[in-house]
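First the structure, in the form of structure tokens, and then the observations on it.
The values are calculated or read from the model by the stated rules, or taken from the named source; none is laboratory data. Every value quoted in this text rests on a predicted model; they were computed, and no experiment measured them. Cβ coordinates were reconstructed from backbone atoms using ideal geometry, including for glycine residues, and neighbour counts include every protein chain displayed.
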Amino acid sequence: MARPIIIDADPGQDDAVAILLALASPELDVLGITTVAGNVPQPLVTTNALKLCELAGRTDVPVFVGAHQPLKRELFTAEYVHGPTGIDGTDLPDPVTAARSKEAVDFIIDSCLAAGTEGITLCPVGPLTNIASAIAGEPMIVPKIREIAMMGGGFFEGGNTTPVAEFNIYVDPDAAALVFNSGAPITMFPLDVTHKALMLPEDLDRVRAIDTPVGDAVAGMLDYYERHDIEKYGFTGAPLHDPCVIAYLIDPELFSGKACRVDVETESELTVGQTVVDWWGVTGVEANAMVMSDVDRQGFIDLVVDRIARL
């Protein structure tokens, strides 16, 4: 039986690959895509989600408009990485479908409350605003959440937006703090693992060789997207941050990590948005997240390329 999931995203080229990976995978039942302002503002993230569903031929997957700004702060965006559209590198046509009238948070709440014994897996790959709002709005959904598999944070690797803060957490640290303290089962994919999930030039050549509209779009997006990390980190390719979440749900054996206590800094001007990961268990506080730290890079890339070729 396919695993029911909701993808909460702010597309974003790597979000785009995560969405396409999920839509191509029969192991997953994508109940819907909820959008959150992050990499670019609303309504761009929603427009991008609709474009991606149409590109994949999956207009049956509903899209819901979520948060326009963080819980308590001004929105910080990342056009400097993703370009003004969020998915620069491809020129997808304007969507002919529209987002549903129900708000994203209401969709998350209603889906969780209606879930059977298998529960719902939430897959936030952007700021955690929608997830936090749903939990705060209806705490009874927490027992229905099978897992929150999320991309965000860092520990030994530090941050990519400030010296200590990763983008998704930095944009809405208050939401992240609420989610990590919610009691829901969390699997965290920080920069420490996603920076190892590199798509190298030879891997991107494999995507180009697919020679389909989806393959061409993915190749174009990643060709644009990788320039930032090559310049910033000296990487030889683009780290596929968000697809790690989806790949894990398809094949958990690709990743490894350990249970840790994770807290989020919300007060300090110097370290706001930092995920304080008690990797060595020095506090003695009970773990609240499975924190991934390593990936079978080749197996991960093979999975991504194989599934993109199916669309």
Report task. Report yes if LEU21 is modelled with pLDDT of 95 or more, closer than 23 Å to ASP223 by Cα and not aromatic (Phe, Trp, Tyr), otherwise no. Result -> yes
Report task. State which residue pairs qualify: first residue under 9 Å from MET292 (Cβ atoms) and inside the range 186-206, second residue of a type in the set (S, T, N, Q) and surrounded by fewer than 22 Cβ atoms within 10 Å (Cβ to Cβ) in any location, beta carbons under 7 Å apart, and separation of 6 or more residues or different chains. Result -> ASP192/SER293; VAL193/SER293
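Yes/no per residue for (1) crowded, with 24+ Cβ neighbours inside 10 Å; (2) more than 27 Å from ASP174 (Cβ to Cβ); (3) touching a helix residue (DSSP H, G or I) at 6+ places or on another chain (Cβ under 6 Å):
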residue: GLY12; (1), (2), (3): yes, no, yes
residue: LEU23; (1), (2), (3): yes, yes, no
residue: CYS53; (1), (2), (3): no, yes, no
residue: VAL61; (1), (2), (3): no, yes, yes
Report task. Go through LEU20, LEU55, LEU50 for me and flag whichever is closer than 18 Å to PRO124 by Cβ and not charged (D, E, K, R). Result -> LEU20
Query raised in the report: What are the residues in the range 142-159 that are closer than 17 Å to VAL245 by Cβ and in contact with a Gly (Cβ under 7 Å, 6 or more places away or on another chain), if any?
Result: ILE145, ARG146
Requested in this report: Pull up the range 102-120, narrow it to residues that are assigned to a loop (DSSP other than H, G, I, E, B) and in contact with a Phe, Trp or Tyr (Cβ under 9 Å, 6 or more places away or on another chain), then point me to the one that is nearest to ASN130 (Cα to Cα).
Outcome: GLU103
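Condition check ((1) crowded, with 18+ Cβ neighbours inside 10 Å; (2) closer than 18 Å to ILE169 by Cα) across all residues:
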residue	(1), (2)
TYR225	yes, no
GLU231	no, no
GLY234	no, no
SER268	no, yes
Requested in this report: Go through the range 80-136 and give me each residue that's within 30 Å of ALA219 (Cα to Cα) and in contact with a Lys or Arg (Cβ under 7 Å, 6 or more places away or on another chain).
Outcome: LEU92, PRO95, THR121
